[in-house]
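The values are calculated or read from the model by the stated rules, or taken from the named source; none is laboratory data. Bear in mind that the values here come from a model prediction, so they are computed numbers and not experimental data. Cβ sites come from the backbone with ideal geometry, for glycine too, and all protein chains shown count toward neighbours.
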Amino acid sequence: MAVDKVMRDPEWVEIPEGGEERGLTRGGLCLVCGEWIDADARDAYRVVVSKPPREAEYACHEACFARVVHPSVQLPS
């Protein structure tokens, strides 16, 4: 048996690797705990949620993100 055509799910979107490391571009509420995070915070991640054509940017404490992230995700050390 040979495969001659592969049907892809139209909802499937590849998540690009985070090659460009950017810190927070602005302050905001933590996506997980709701506590305010200043734009110059060093213990926070910039989380971008995207489903074309929309994109939203959130702030999240490192500790909060580590608590809720999926086990398959490797966090930078």
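See the values below:
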{"quantity": "Enumeration of residues in region 45-74 that are in a loop (DSSP other than H, G, I, E, B) and free of Cβ contacts under 8 Å to residues at least 12 places away in the same chain", "calculated": "P53, V69, H70, P71, S72, V73, Q74"}
{"quantity": "Residue selected from region 50-64 under the condition modelled with pLDDT of 90 or more and farther than 13 Å from L24 by Cα, by the criterion farthest from the chain's Cα centre (by Cα)", "calculated": "A63"}
{"quantity": "Any hit, region 23-44, residues being of a type in the set (K, R), at pLDDT 85 or above, exposed (fewer than 13 other Cβ atoms within 10 Å of the Cβ) and not in a loop (DSSP other than H, G, I, E, B)", "calculated": "no"}
{"quantity": "Contacts under 7 angstrom Cβ, first residue in region 11-37 being more than 18 Å from V68 (Cα to Cα) and of a type in the set (D, E, K, R), partner at pLDDT 65 or above and in a strand (DSSP E or B), 6 or more apart", "calculated": "R22/R46"}
